[in-house]
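Reviewing the structure listed below.
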Amino acid sequence: MVFLLIGPPGAGKGTQGRILSEKMHLPYLSSGDFLRELVVKNVPISRQVKLYMDKGELIPDSLMKELFLPEIKKLIVTQGGVVLDGYPRTLEQAKELESLLLSLSLSNRNIYVIELTLQKNELCKRLKERVFCPSCMRVFQNHDNFCSFCSTRLAKRSDDTMQVIEGRLRKYELKTRSLHEYFSNRGLLLTIPGEGSIQDIASIIEQAIKEKKLDIN
């Protein structure tokens, strides 16, 4: 099975993606974490990726296809599925991913698209306050100085400034928001409100998945 988590920056895709990964016993793959790790590795492509990320810009579709799709394919083939966080982000990426899944004989009954929604003022608040663990890449809100999972000192993302945040949300509305209609038309979309406790939202997602399974059986 393949689970796609989409929604604006700060909606909780990473947190819910990790929870879903554990529940479904599938690997978790975040496009943001993947790209940040690529920057740290300092390979030839790292500088180019870092320039886009520091400006809060989306990585071009052609580059994401080259870097990210092989990772997705590898996990599906070796692990039987994947929980994807933050990919696809454009219609072109969605179409490329759809082609990949079809080539791997995955039908719509094995694909779940979970869209997390949240009001803009709450998104901005979350993004300004969040910190992350450079080691395990988990994200925290209003947290102590050290990661609860691996005890690494937490850090602030370089692109979590108000100027960059506003730009990222505008780009989301322009490019990524159209994914709602795309996946809805295919009967794959499960829209989940992002307000509430982490566990409450996780429970709503779990129930929505169960109901979709019943619908397609």
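Take the range 119-136 and flag every residue that is surrounded by fewer than 19 Cβ atoms within 10 Å (Cβ to Cβ), closer than 26 Å to Lys175 by Cα and of a type in the set (A, V, I, L, M, F, W, C).
The one that is surrounded by fewer than 19 Cβ atoms within 10 Å (Cβ to Cβ), closer than 26 Å to Lys175 by Cα and of a type in the set (A, V, I, L, M, F, W, C): Cys124.
List the residue pairs whose Cβ atoms are under 8 Å apart, where the first residue sits in the range 46-65 and is touching a residue at least 24 places away in the same chain (Cβ under 8 Å), the second is in a loop (DSSP other than H, G, I, E, B) and small (Gly, Ala, Ser), and the two are 6 or more positions apart or on different chains.
Cβ pairs passing all conditions: Met53/Ser158; Asp54/Ser158.
Mind listing whichever residues of the range 153-191 are modelled with pLDDT of 85 or more and in a helix (DSSP H, G or I)?
Scanning the range 153-191 gives Leu179, His180, Glu181, Tyr182, Phe183, Ser184, Asn185.
Here is a list of conditions, (1) part of a loop (DSSP other than H, G, I, E, B); (2) modelled with pLDDT under 80, and Cys150 meets all of them except one; can you say which number that is?
(2)
Six or more apart or on different chains, Cβ atoms under 7 Å: show the pairs whose first residue is in the range 15-26 and buried (at least 18 other Cβ atoms within 10 Å of the Cβ) and whose second is in a helix (DSSP H, G or I) and among the β-branched types (Val, Ile, Thr).
Thr15/Ile198; Gln16/Ile201; Gln16/Ile205; Leu20/Ile205
Return the residue satisfying two criteria in turn: it lies in the range 192-202 and is assigned to a helix (DSSP H, G or I) and touching a Ser or Thr at 6+ places or on another chain (Cβ under 9 Å), and of such residues it is modelled with the lowest pLDDT.
That would be Ile198.
Would you check if Ile19 is assigned to a helix (DSSP H, G or I) and either of a type in the set (Gly, Ala, Ser) or within 19 Å of Gln93 (Cα to Cα) (or both)? Walk me through how you get there before you give the answer.
Details: assigned to a helix (DSSP H, G or I): yes; either of a type in the set (Gly, Ala, Ser) or within 19 Å of Gln93 (Cα to Cα) (or both): no.
So Ile19 fails the test.
Would you say Gly81 is within 13 Å of Leu4 (Cα to Cα) and modelled with pLDDT under 95?
Answer is no for this residue.
Could you tell me whether Leu69 is assigned to a helix (DSSP H, G or I) and touching a helix residue (DSSP H, G or I) at 6+ places or on another chain (Cβ under 7 Å)?
yes
Checking the structure you have, find out if any residue of the range 52-73 is touching a strand residue (DSSP E or B) at 6+ places or on another chain (Cβ under 7 Å) and among the hydrophobic types (A, V, I, L, M, F, W, C).
Looking only at the range 52-73, we keep the residues that are touching a strand residue (DSSP E or B) at 6+ places or on another chain (Cβ under 7 Å), and these are 71-72.
If we keep only those that are among the hydrophobic types (A, V, I, L, M, F, W, C) too, we end up with 72.
Yes: one or more hits.
The values are calculated or read from the model by the stated rules, or taken from the named source; none is laboratory data. Computed from a prediction, not measured in an experiment: that's the story for all the values here. All Cβ positions, glycine included, derive from the backbone under ideal geometry; neighbour counts span all protein chains shown.
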